[in-house]
1. Long-range amide H contacts for Val144: which residues qualify at under 5 Å (H placed 1.01 Å from N, peptide plane, sequence gap of 5 or more or a different chain)?
2. Write down, largest first, the equivalent ellipsoid semi-axes of the stretch 47-189 in whole Å, where each equals the square root of 5 times an eigenvalue of the alpha-carbon gyration tensor.
3. How big is the equivalent ellipsoid of the stretch 58-121 along its three axes, where each semi-axis is √(5λ) from the Cα gyration tensor, reported in whole Å from largest to smallest?
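Bear in mind these aren't lab numbers, they're just calculated from the coordinates by the rules spelled out. What you see is a predicted model; the values in this text were computed from it and never measured.
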Amino acid sequence: MIITPAEPQDVSKLLAFREEAAAWLRGLGSDQWSRPYPADKLVATIEAGTVFMLRDGHAIAGTITITPEAEEGLWTSDELAEPSMFINKLTVDRAYAGQDLGGRLIDWAGDRAHRAGARWIRLDAWTTNERLQRYYLEHGFTFVRTVREGTAVNGGPRVSGWLAQRTARPADHGFIDLTPAPMRLPDAV
């Protein structure tokens, strides 16, 4: 399998991934990702070069977004002063479930973050999705805290405020990496 930057023509597949994941999560009793994701916002992240696709021949097996920017209101100023990269929208096609592709994508992201000079890879997860939280803990993340204050875009309480981090480190993820080298973080040591 190869990992490449996402391209504008991947938008429909990425939106379908999200819908598929939301339906699967609903079946587990979670409301995670129940709101549609705006296509124009997705295109902007693709154009920024932060969305990556795991390709298996002509099939898309998974996707991950990794950015140097944190979602506002989650991390403290001291935490933001540490060189970090943030994982978002990790999704694996249900046809590839059970192969730990998500774990390998996390390893790839940690390796990429390390090469960018990050100390941490960080993420926020759905506050009520304990199964997802356990998954991240099983993949080497350490729970930091849950942020509930603040409001979501729709004016409701924050729903994705379970915070975790893991040391950014080199990893043998097993993918053929066809992505450009990451930009060094400005605060990297």
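1. Leu163, Ala164, Gln165
2. Details: eigenvalues 111, 76, 39 Å².
The answer is 24, 20, 14 Å, longest axis first.
3. Numbers: eigenvalues 136, 31, 15 Å².
Computed over the stretch 58-121, the values are 26, 13, 9 Å.
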